[in-house]
Amino acid sequence: MNEELINPWTVNAEKPVYDNPWIQVTEYDVINPSGGIGIYGKVHFKNYAVGVFPLDAELNTWLVGQYRFVLNQYSWE
């Protein structure tokens, strides 16, 4: 039972690669459970977020459109 809790990944090194007031990105030099060597990135969100699912009187929901910088395009959500 305790063996299930053991992390099968080996972390050889870690380094912060980006940090601002909202997120922190860390890069890990790892060996995965099958023995493969690689890198793994982790994004840490520094603030909590809230999702809203609006419904009108007839229980319809609505899409919101906005330009997404990272996508470099307009997106409906």
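Computed from the coordinates by the stated procedures, all read-outs in this text should not be read as laboratory data. Please read all numbers here as calculations on a predicted model, not as lab measurements. Reconstructed Cβ throughout: ideal geometry from the backbone, glycine too, with neighbour counts over all protein chains shown.
If eta is 0.890 mPa s and T is 25 °C, what Stokes-Einstein diffusion coefficient results for the range 2-76, Kirkwood Rh from Cα pairs, in µm²/s?
Once the numbers are plugged in, D ends up at 147 µm²/s.
Roughly how many whole Å is it from the C-alpha centroid of the range 10-37 to that of the range 62-77?
29
Arranged by the count of other C-beta atoms within 10 angstrom, fewest first, what order do GLU27, GLU77 take? Don't skip to the answer; put the middle values down first.
Working: GLU27 15, GLU77 7.
Starting with the residue having the fewest Cβ neighbours, the order is GLU77, GLU27.
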